[in-house]
Every structure is written in C-alpha cells, then in structure tokens.
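Bear in mind that the values in this text are calculations on the coordinates, not laboratory data. For clarity, every value in this text was computed on a predicted model and none was experimentally measured. Glycine also receives a Cβ, built like all others from the backbone with ideal geometry; neighbour counts cover every protein chain displayed.
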Amino acid sequence: MAHDHHDHDHDHHDHHHGSELSPMDLRVRALESILVEKGYVDPAALDALIETYESKIGPRNGAQVVARAWVDPAYRARLLDDATAAIRELGFGGRGGEHMVVVENTPEEHNLVVCTLCSCYPWPVLGLPPVWYKSPPYRSRAVIDPRGVLAEFGVTLPGTTRIRVWDSTAELRYMVLPMRPAGSDHLDEAALADLVTRDAMIGTGLPLSPDQVVRS
Amino acid sequence: MNGGQDLGGMQGFGPIGFEADEPWFHAPWERRVFAMVMAMGLTGTWNLDASRAARESLPPGEYLTSSYYRIWFRALEKQVVQHGLVTEGELAAGAALTPPAPVARVLKGEEVAPLFARGFPSDRPGPDRPRFAAGDEVTAKTINPPGHTRLPRYVRGRTGVVERVHGRFVFPDSNAHFAGEAPQWLYTVRFAGVELWGEDADPGLAVSVNAFESYLEPARGRAA
C-alpha cells in the first residue's frame with residue numbers, strides 16, 4: 001500500500017537560496033498585500049477564516065452525528081430523511097453543507113463519496129478535504145474502480161457487497177453513515193464517536209473496532 | 001468545458017498516496033490562499049460557479065500537475081485581473097499602483113462566524129414542476145459546451161434512473177458566465193457500472209451524479 005504522499009505541493013521544495021520563503025509564498029504574499037491595500041479584503045476576516053477552518057470545524061463534528069444516529073433510531077430516521085436539518089440539530093451547518101445528504105452503509109451496499117469535477121466535500125461535518133480527495137488519482141478512479149481504491153485504503157468488502165459511488169456534481173454534499181461496529185453495544189455515545197474516522201464518513205474507510213481505541 | 005478538471009474514469013495517475021495525520025494546510029501560503037478565495041468570493045464580484053470555471057480553464061497540463069490550492073491561487077489571480085480589481089502590472093510589482101475598483105461588500109472579521117455558519121444555500125424554490133420523477137429512465141445528453149458545465153463526460157450519452165428529485169437549484173452553466181441563476185430542477189441519477197464502463201465493469205457497481213434537468217432527456221437506450 002502506498003502510504004507516502006507524493007505531490008501535494010510542488011512548490012515548497014523549491015526554495016530560493018538565502019530565503020525562507022518559497023516562490024509561492026512570495027507570490028501569495030504579494031497578492032494578499034495588494035488586496036488588503038486596495039481594501040478588498042479585511043486582514044481580520046482572513047485570520048478569522050483560517051482560525052475557523054483550522055481549529056473549529058473538522059471530522060469530530062461528523063463523528064458526533066454518526067454516533068447519535070447509532071444510539072437514537074428516531075434521529076437516524078431524521079438524518080436519512082433530511083440530513084441538513086438533522087445535522088443542524090447538533091449545531092453543525094453552513095458553508096459547504098447547505099444541502100446535505102446522508103447515505104447509509106448496509107451489509108448489502110457500501111457507499112463512497114467523490115467529487116470528480118472539483119473538491120466538493122461536506123465542510124461543516126468533515127472540515128476541509130484532505131489533499132488526496134482533491135487530487136487526480138482519487139477523483140479519476142473512484143467512479144471506475146472503487147474496489148481498487150478501497151483496497152488501497154486497506155478496505156476489502158465481501159464480493160456480495162454492492163458499491164454505490166456518489167459523485168458530488170452539484171451543491172448537494174454527501175456524508176456516509178457507516179455501520180456500527182460489532183462489539184460496541186456497551187459503549188456510550190461519546191465512546192462511539194471515537195470509533196468514527198473521517199474516512200469512514202467518506203466511504204474510503206470503516207469505523208474502528210472498540211479494541212482499536214484506548215479511552216483516556 | 002472538457003478541461004483538466006473532468007477526471008472521472010481517467011487512468012494512469014498512480015496510487016492515491018494518502019497521508020496519515022494530514023495537516024489542514026501544507027504550507028503557510030495555502031492558508032492565505034484559502035482565506036483570500038473565501039473573502040474575495042464574498043465581494044460580490046463573482047460567484048462560486050465562476051470560480052470553478054476559472055479553475056477548470058487552466059490548461060490541462062497545468063491543472064493536472066498543480067496542487068489544489070495552487071489551482072485556487074492561479075484562478076484567483078486570473079479573476080482579479082479579469083474583473084478589473086487588480087492589474088497585471090500590480091501582480092508583477094507586488095504592490096497596489098492604481099485606485100481600487102468598487103466592490104459590493106468587504107467581508108469583516110466579525111462577519112465570518114455568523115455568515116459561514118449560516119452558509120450560502122443555492123436552492124431556489126419556484127412554481128414550475130419537475131419534468132422527471134423518481135423511477136424515470138433518463139439519458140444524459142451528449143453535450144460538449146465550451147463553457148462551464150457540471151455534467152461529467154463519463155455519463156454523457158448514458159442511460160440511468162432518476163432516484164430522487166431535489167428541488168430547483170442555481171444552474172451553474174449559466175451562473176458561471178454571469179448569465180443569471182436560471183434555476184433548474186436537480187435530480188440524483190443512478191447509472192449501472194456496466195452502462196458506464198462496459199461489460200467488464202464490476203456488476204455490483206452503481207454510480208450516481210446530480211444532474212440538472214436540461215442535462216437529461218427521456219431514456220433513449222438501455223436502462224441502468
């Protein structure tokens with residue numbers, strides 16, 4: 001399996017001699033200073049955006065949604081019927097999640113989410129997408145060879161399990177509701193949320209089993 | 001357009017290469033690009049569809065070999081020049097040399113949390129009725145528009161089944177070119193893997209896209 005990361009950024013390997021800043025750092029800094037000087041952007045807004053998406057929004061949000069659905073059948077039903085409203089019940093929503101759809105894994109069918117055309121991803125529940133999700137290898141193969149993609153992530157499904165791929169070609173954003181792992185009956189909602197990985201909610205992974213998680 | 005962005009079904013890109021404990025950003029400039037793209041998007045000068053159109057109009061060779069934040073940055077540079085907010089000379093000089101052009105709004109720091117928590121819905125309810133219903137067999141039209149579209153090549157000419165009718169949404173093909181939101185009904189259409197990829201495809205595979213009404217016509221071939 002390929003765990004190393006190849007080409008997320010060609011630029012920061014290409015530093016100028018005698019400078020800590022890469023050519024991209026310099027170009028980006030130049031544009032930012034122009035935009036600020038001309039009054040199009042408020043530096044405080046840039047800082048607030050980075051703060052929000054770097055420290056406040058991430059896959060722990062989605063994990064809470066999944067855990068709630070695992071313990072509360074009425075919530076699960078609402079989530080599958082109107083995901084945007086059900087997710088909002090837990091306080092999550094907004095940019096990149098205005099129109100949510102949650103798709104449920106079953107023993108018969110496994111769901112996998114991709115955006116072949118760009119990088120559409122459910123920000124309020126998963127945060128910003130990982131580099132691989134936005135890169136050509138995943139975007140090209142997810143729709144034609146999803147079992148091969150899953151194998152690369154270490155996931156092998158029974159041959160009898162159908163695969164359903166959701167290509168996010170409009171403003172609907174998808175999240176997978178994975179199956180509750182075996183042996184998790186004794187866990188409470190918070191402990192269940194610890195089993196839910198980002199990849200399990202994209203469909204490229206499965207939830208952890210309880211013996212893979214040590215509660216602190 | 002049939003640009004570098006339309007990747008579904010392409011082969012030869014190699015392993016996915018995921019990264020354990022991946023950081024949100026991989027270089028300081030990526031943070032700034034992310035924030036600038038968000039903030040400039042709220043000036044009212046362009047819309048999200050136009051930004052996607054700008055990104056996918058990068059030459060395919062450049063698109064396919066650039067990191068995603070680099071794609072965002074190159075498109076942003078293009079957009080600020082096209083819309084007269086920044087000149088080429090200013091980009092080259094790295095400094096403002098001309099007076100600012102008016103913009104509809106400037107996002108303030110304190111507005112970020114409430115605006116982004118509310119989001120920017122793109123559904124546009126209206127009185128007209130959808131042409132198709134769940135269960136209808138439909139064929140994705142063969143179209144190759146030179147401008148923006150959200151109908152990927154791999155479903156064009158293929159027949160599938162309408163699974164869900166979602167409501168009326170902003171039509172990107174129009175909005176991206178500032179020709180109006182022109183809302184259309186949006187559907188989930190499910191295609192069998194063998195319909196998309198041929199008889200050697202995984203028989204247990206189905207792929208769905210979200211398709212606008214004008215992308216679809218009543219089924220003319222084999223159903224999924």
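Note on the protein assembly as shown: antiparallel DSSP beta bridges, both residues inside, total approximately 55 percent of the bridges counted.
Taken over chain A, the percentage of Cα pairs per 5 Å bin, counting from 0 up to the bin with the maximum distance, is 1, 6, 12, 16, 17, 16, 12, 8, 6, 4, 2, 0, 0. In this calculation the C-beta distance from A:Asp82 to B:Leu97 is compared with R0 = 35 Å, giving a FRET efficiency of 0.10.
Helical runs assigned H by DSSP (4 residues or longer) give chain B a calculated mean residue ellipticity at 222 nm of -8500 deg cm²/dmol, each run adding -39500 (n - 2.57) before division by the residue total.
Show that you can apply the helix-only estimate: for chain A, add -39,500 (n - 2.57) for every DSSP H stretch of four or more residues, divide by all residues, and state [θ] at 222 nm to the nearest 500.
Working: 11 runs with 84 residues, N = 216.
So the calculated ellipticity at 222 nm is -10000 deg cm²/dmol.
For region A:57-212, what's the relative contact order in percent, using C-alpha pairs closer than 8 Å and at least 6 residues apart? Each step should come with its number before you reach the end.
Values: 283 pairs, mean separation 48.2, N = 156.
In percent, rounded to a whole number, it is 31.
Once chain B is represented by equal point scatterers at the alpha-carbon sites, with solvent omitted, what log10 I(q)/I(0) does the Debye formula produce at q = 0.10, 0.11, 0.16, 0.17 Å⁻¹? Scattering profile of chain B, log10 relative to I(0): -0.59, -0.71, -1.28, -1.36.
Put simply, region B:137-218 fits an ellipsoid with semi-axes of 25, 14, 9 Å; these come from the alpha carbon gyration tensor as the roots of five times its eigenvalues, largest first.
Backbone amide hydrogens, once placed in the peptide plane, bring B:Arg164 within less than 5 Å of B:Thr188, excluding anything fewer than 5 places away on its chain.
Taking DSSP loops as anything outside H, G, I, E and B, show the longest stretch in chain A free of GluC sites (Glu not before Pro) there with at most 12 other beta carbons within 10 Å. That would be A:109-216. Each residue of region B:172-182 was assigned a 3J(HN,Hα) from its phi angle through the Karplus curve 6.51 cos²θ - 1.76 cosθ + 1.60 (θ = phi - 60°); the sequence is x, 4, 8, 4, 4, 10, 6, 9, x, 6, 6 Hz, with glycine and proline shown as x.
Under 25 °C and 0.890 mPa s, how fast does region A:67-117 diffuse according to Stokes-Einstein, given a Kirkwood radius computed over C-alpha pairs? Answer in µm²/s, whole number. Each step should come with its number before you reach the end.
Values: Rh = 12.1 Å.
Stokes-Einstein gives a translational diffusion coefficient of 203 µm²/s.
Counting other Cβ atoms within 10 Å of each Cβ, which chymotrypsin sites (Phe, Trp or Tyr not before Pro) in region B:124-218 have at most 14 and sit in a DSSP loop?
Numbers: sites: B:Phe132, B:Tyr154, B:Phe169, B:Phe178, B:Trp185, B:Tyr187, B:Phe191, B:Trp197, B:Phe212, B:Tyr215; in loops: B:Phe132, B:Phe178.
The qualifying sites are B:Phe178.
Of all chymotrypsin sites (Phe, Trp or Tyr not before Pro) in region B:1-64, which ones are in loop regions per DSSP and have a Cβ with at most 15 other Cβ atoms within 10 Å?
Answer in residue order: no site qualifies.
Overall shape of region B:28-118 was characterised from the C-alpha gyration tensor. The equivalent ellipsoid obtained from it has semi-axes of 21, 18, 13 Å, in decreasing order. Helices assigned as whole DSSP H runs in chain B whose Cα atoms extend at least 18 Å along their own long axis and whose mean Kyte-Doolittle hydropathy is -0.5 or higher are found at B:28-41, B:68-82. For chain A, taking a cut-off of 4.7 Å between Cβ atoms, the unpaired cysteines are A:Cys118. The phi torsions of region A:149-166, fed into the Karplus equation with coefficients 6.51, -1.76 and 1.60 and a -60° offset, translate into couplings of 4, 4, 4, 5, 8, x, 10, 10, 9, x, x, 7, 7, 6, 10, 10, 9, 10 Hz, rounded to whole numbers, with Gly and Pro shown as x. More than 17 angstrom separation, counting every C-alpha pair in region B:77-193; what % is that? So the pairs more than 17 Å apart make up 73 percent of the total in region B:77-193. For region B:41-139, trypsin sites (Lys or Arg not before Pro) meeting the loop criterion (DSSP other than H, G, I, E, B) and having at most 11 other Cβ atoms within 10 Å: B:Arg105.
Helix hunt in chain A: which complete DSSP H runs extend at least 15 Å axially by C-alpha with mean Kyte-Doolittle at least -0.5? Kindly include the intermediate steps, with their values, before the conclusion.
On the way: long enough: A:23-37 (21 Å, 0.41); A:59-71 (18 Å, -0.07).
Long hydrophobic helices here: A:23-37, A:59-71.
Using the Karplus relation 6.51 cos²θ - 1.76 cosθ + 1.60 with θ = phi - 60°, the per-residue 3J(HN,Hα) values for region B:134-146 come to 3, x, 5, 8, 9, 10, 6, 5, 7, 10, 9, x, x Hz, with x marking Gly and Pro.
Near A:Glu109, the amide H atoms lying under 5 Å from its own belong to A:Arg162; only residues 5 or more places off or on other chains count, and H is placed 1.01 Å from N.
Over the protein assembly as shown, what portion of Cα pair distances is larger than 40 Å, expressed as a whole percent? Walk me through the intermediate numbers first.
Values: 16286 of 96580 pairs.
Here the long-distance tail beyond 40 Å is 17 percent of all Cα pairs in the protein assembly as shown.
Relative contact order of chain B, taken over Cα pairs closer than 8 Å and 6 or more residues apart, is 20 percent. Ranking A:Ser119, B:Met1, A:Gly62 by how far each Cα lies toward the positive end of the dipole of the protein assembly as shown (charges on Cβ) leaves B:Met1 at the top. Annotated for the protein assembly as shown: lysine pairs at least 8 residues apart or interchain, Cα distance under 30 Å, count 9. The convex hull drawn around the Cα atoms of region A:123-216, when projected onto a plane and averaged over every direction, covers 7.4 nm².
By the compact-protein rule of thumb, 2.2 N^0.38 Å, the alpha-carbon radius of gyration of region B:1-56 corresponds to a ratio of 1.49.
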